[in-house]
1. State, to one decimal in nm, how far the label point of residue 83 lies from the label point of residue 12, with both points 7 Å from Cα in the Cβ direction.
2. What number, in percent, do you get for the relative contact order of segment 47-103 if the mean sequence gap of Cα pairs under 8 Å and at least 6 apart is divided by its residue count?
3. Would you mind calculating the relative contact order of the chain from Cα pairs under 8 angstrom and at least 6 residues apart, reporting the percent as a whole number?
4. Note down the Stokes-Einstein diffusion coefficient of the chain in µm²/s, whole number, using a Kirkwood radius over alpha carbon pairs, 10 °C, and 1.306 mPa s.
Ligand code: TYC
């Protein structure tokens, strides 16, 4: 091999396949104490919902007992659920959000 001969390595990029992260549901739970308007205020503040979407989600939980608010990675789901619970608690209401893995 002379000095001008350059041995080129074939550039084959191997993309490691990352497993899709498991997704979690954040669930709004109905109760008899939190006023409807407060539930909507919290959904708007924590989940950036519009008044209309907040109303529909609140009414679904009110009528059926619970409603899925959002589906996301575990870390975000747990943080959002805690933010909602803490915000309600700070206003004196027992509003509850839970998280569970999506099938
Ligand atoms: N059930 C409550 C009421 O009648 C309103 C409410 C709706 C509370 C949804 C919680 O997740 C909830 N004041």
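1. Here the modelled spin labels are 4.5 nm apart.
2. Numbers: 27 pairs, mean separation 12.7, N = 57.
Here the relative contact order equals 22 percent.
3. On the way: 131 pairs, mean separation 41.5, N = 103.
Averaging sequence separation for qualifying contacts and normalising by length gives 40 percent for the chain.
4. Here the translational diffusion coefficient equals 99 µm²/s.
Every number in this text was worked out from the coordinates using simple rules, so none of it is lab data. What you are looking at is a predicted structure, and each value in this text was computed from that prediction instead of being measured. Here Cβ is always computed from backbone atoms with ideal geometry, including for glycine, and neighbour counts include all displayed protein chains.
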